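Computed from the coordinates by the stated procedures, all read-outs in this text should not be read as laboratory data. In this text the structure is predicted, and so the values were computed from the model without any measurement. Counting neighbours? That spans all protein chains shown, and the Cβs are built from the backbone with ideal geometry, glycine included.
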Amino acid sequence: MDMSQYIEIFIEESKEHLQALNQSLLQLEQNPNDTAMINEIFRVAHTLKGMAGTMGFNKMARFTHDMEDVLQALRNDEIKANSNLVDVLFKCLDALESYLDNIVNSGSEGDEQYDDILQVLKNLKGNNSTELEFQLKNASEETAAASSALLAEPAKDVVINQYEQNVINKALEMRMNVYTITVVLNKGCLLKAARAFIIFQALEKYGEIIKSEPKVEDIEDEKFDFRFTVIVISKESKELFAKELNSIAEIDEVIINPLESDTISGETRSKTDNTLIKPMGQVTNNEDADEGKKDSKDIKPGTVSKPKTGKTVRVDIDRLDMLMNLVSELIIIKTRLEELEGVERSQRYNEAVEYLERITTNMHDAVMKVRMVPIETVFNRFPRMIRDISKELGKEIILTMSGEETELDRTVIDEIGDPLIHLLRNSADHGIESSEKRKRAGKPEAGNISLRAYQAGNNVIIEVEDDGQGLNLEQIKHKAIERGLVSQDMAGTLSQKDIIDFIFRPSFSTADKITDISGRGVGLDVVKTKIEALGGMVEVETEPGKGSKFIIRLPLTLAIIQALLVLINKEKYAIPLNAIKEIINIVPEDIKMVQKQEVILLRNMVVPIVRLDKVLAVPQEEEKVQKQLTAVIVKKGDKLSGFLVDSLIGQQEIVIKSLGKLLVGIKCIAGATILGDGNVALILDVNSLA
Amino acid sequence: MDGIASSDAKQFVVFKLGKEEYGLDIQKVTTIEKMMTIARVPKTVNYIKGVINLRGEIIPIMDLRTRFKMAGIEETDETRIIIIKIDDIVVGMIVDAVVEVVQLQEDSIEGVNNFSSDISMDYIHGVGKADGRIITLLNLEKLIKIGE
């Protein structure tokens, strides 16, 4: 069977499952006795096994199968979860990820067998009694085919509550038939949920389904193996149901048992997957206890919260980009209509343009929203990373994250991962001290790193904060002098901010020894470049002995922004509106010289002046004497700067376009935009100009 | 030449700079445009004239005369911008005029040894001869490397 059409779905879903596995494993490590978590891990491993098997990725299936064995033993309390076991499970996860990577890249899972990991898994399992072995064997055959002995007692799979029992009793009193129907789907069935839906429809033609195990919602989400059991009340005969069901394709087996009132006395309760693998009777009590434990854990927020299942469509990002481009074009033509000269501007014309304006704005918002992705997708790989780093460094580090739901444009999400990894590694390696050192400083032994994301106006702020030793400003200054970045005399006059800025210079490292994790001197400059390329900026706050905080400020949207168009001689430039603080008129006498820098006084603040025509080398036709100057006051972080322009054209929504591959790396220009008249205006990069 | 199959032949867009004729591999040429408004881009090399809006796309424009350190001339009705694309780099080149498209046989193209030209040897890929004319074939990959 040709599976190629399903492979993308398989990859996407596997990624999600592996991510879930990752999170569950981390939680399990925190709390090794968390039965709910073990069950969750088992469920994910099992789903992956089923999916891989269906797709014919046998190595992956076998691998998850062996994982399942160990997890099963864990579930049965035969072995205990400890950090060693979790380590092995993490290795399994890595192996599965590399299988998936191979599938993504080449379409096949590759030749790697990971025999070492499999052997370790076997050894873990091998510690158990033979009885368990037997049970595990049963467990492993669970998906292969449920044994008929178990199928003969389908009612045992179903927990019937008091209400349902009442309904059944009522029905029986009324001489209706009550059946438990267990349907086993074919292994090759690809759309289990759809098949189950067809079966449900068929059953509902003749009767009423009062109970389904697993739950209907879970079946709809394909959260079941290949079998499910329903209880149906109907007037029709058993034979009719058998005939009806057997006419549906992709069903391996149908077992229909009539239910008598005395067979459901309540002793028969237990859960599906447990029943299948455990002999009845002896484990029942255990199980109830387990269930109780599980329930109490379930309430804990965030541990096993069921993923939201809305109606969604997966869309290729390229299609969204295309849609975005079209919206951009629409905005350009709208602007053109607004500026159109030589047409009679009737009331109705203006109304129409205004309406168009409203629609394009809404449309832009809508498309932007579609492109927004919660930052969670980036954040959720960090707990694992910090865990690995802390093991490697022998430091105890606790990572707390907040604001994972904060949304950012997809393009930003794709780019922001690496800078954040750099910052987190930096904090873990340089920021957080060794536990002895922390103890001496009177701090808790475990270091804290917190990663926060939140929205502030048109920006998204991401903060990486640690409670470590803070930046050693003296050392940085020393290093800067050593490297000739600043003279000995000048160094004394540097502000804290100036000193901090040195750490963003290329190949600047103060680490005495180079570790695997950081200290090679590549990093922070890359972080800065990357963030600035995204139109954002990085700031640092630090306090010796208390810790440091890296603050990343990112624009919410990338493609379309509000900008102020200005004229410099005859050239038009756009300044992003969110960088502009205010616009003031000054006279040439207002400009003073301070340390060879032109400045103005703005409400007692010294604001440096940037003469854009000089900086941008705008061709000057003749020296003109202006009595009145316009200064656009822009902010870069907490610094202000005044850009001198010749005149203002006005505020406009502009579409940011790149200058193209050839012109990458041009300072002071952030991009270009097409104006309503078809001409090009360049967008100023406030960060590098100010 | 004794009837060489056309598969051995390559097509070149021939353009003029001053009196000399130059050829560009037609595979790399996207379109040829008339002169249009160029928005100057500051802080870049002198032979980048700026960018144009070509049907909604921003395309950087290189002045070949400046690139080859030739004296600049006033633009005429003949002045053209040849838009080329190499890998994912798109660039327009200002030339004095576009002449024609010629087909050159593989063996009528010679290397650049013992050849003198107005422009630096670095940018020349070879020399083609067609009907007694000499066409200098340009090395585009080298040409679009900025800062060399």
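For B:Met36, no residue 5 or more places off, or on another chain, has a built amide H under 5 Å of its own.
The mean count of C-beta atoms from other chains within 10 Å of the C-beta of residues in B:33-43, rounded to a whole number, is 5.
For the peptide A:657-668, the mean number of other protein chain Cβ atoms found within 10 angstrom of a residue's Cβ is 6.
Counting only the Cα atoms, segment A:331-483 fills a convex hull of 179 Å³ per residue.
By the equivalent-ellipsoid construction on the alpha carbon gyration tensor, segment A:560-689 comes out with semi-axes of 25, 16, 14 Å, ordered largest to smallest.
Label point of B:Arg55 set 7 angstrom out along Cα-Cβ; within segment B:61-105, amide nitrogens under 13 Å from it belong to B:83.
Among A:Ser328, A:Ser98, sorting on how many other beta-carbon atoms sit within 10 Å of each Cβ, with the fewest leading, yields A:Ser98, A:Ser328.
Would you order A:Ser487, B:Ser108 from fewest to most other beta-carbon atoms within 10 Å of each residue's own beta-carbon?
A:Ser487, B:Ser108
Note that segment A:349-354 has calculated 3J(HN,Hα) couplings of 4, 4, 4, 5, 5, 5 Hz, one per residue in order, obtained from phi through the Karplus relation 6.51 cos²θ - 1.76 cosθ + 1.60 (θ = phi - 60°); glycine and proline are x. Three semi-axes describe the equivalent ellipsoid of segment A:4-140; taken as square roots of 5 times the Cα gyration tensor eigenvalues and ordered largest first, they are 25, 16, 13 Å.
In this structure, the amide hydrogen of A:Leu629, modeled 1.01 Å from its nitrogen in the peptide plane, lies closer than 5 angstrom to those of A:Ile586, A:Val587, counting only residues at least 5 positions away or on a different chain. Between A:Lys80 and A:Gln347, the contour length at 0.36 nm per residue exceeds the Cα-Cα span by 88.3 nm.
The value of relative contact order for segment A:4-140, using C-alpha pairs under 8 Å at least six residues apart, is 27 percent.
Under the combined filter of DSSP loop state and at most 12 neighbouring Cβ atoms within 10 Å, segment A:311-357 retains these trypsin sites (Lys or Arg not before Pro): A:Lys311, A:Arg314, A:Arg345. Cα centroids of segment B:3-72 and segment A:1-75: 56 Å apart.
Quick check for me: using +1 on Lys/Arg Cβ and -1 on Asp/Glu Cβ, what's the dipole size of segment A:4-140 about its Cα centre, in debye to the nearest 20?
Dipole magnitude for segment A:4-140 comes out near 320 debye.
Fewest-first ordering of A:Arg483, A:Arg410 by other beta carbons within 10 Å of each residue's beta carbon gives A:Arg483, A:Arg410. Using Cα centres only, tell me the gap between segment A:561-575 and segment A:404-445 in whole Å. One Cα centre to the other: 39 Å. Sequence-ordered 3J(HN,Hα) estimates for segment B:138-143 from the Karplus curve with 6.51, -1.76 and 1.60 and θ = phi - 60° stand at 8, 8, 5, 4, 6, 4 Hz, glycine and proline given as x. Karplus-based coupling profile of segment A:407-412, in residue order and whole Hz: 9, 9, 4, 3, 5, 5, with θ = phi - 60° in 6.51 cos²θ - 1.76 cosθ + 1.60 and x standing for Gly or Pro. Computed from the C-beta positions of A:Asn585 and A:Val606, the FRET efficiency with R₀ = 25 Å rounds to 0.85.
Under a 5 Å amide H cut-off, with hydrogens placed 1.01 Å from N, A:Ile669 pairs with A:Asp685 among residues at least 5 apart or on other chains. Taking one equal scatterer on every alpha-carbon of segment B:44-148, how large is log10 of I(q)/I(0) by Debye at q = 0.18 1/Å? Taking Cα atoms of segment B:44-148 as identical point scatterers yields -1.03.
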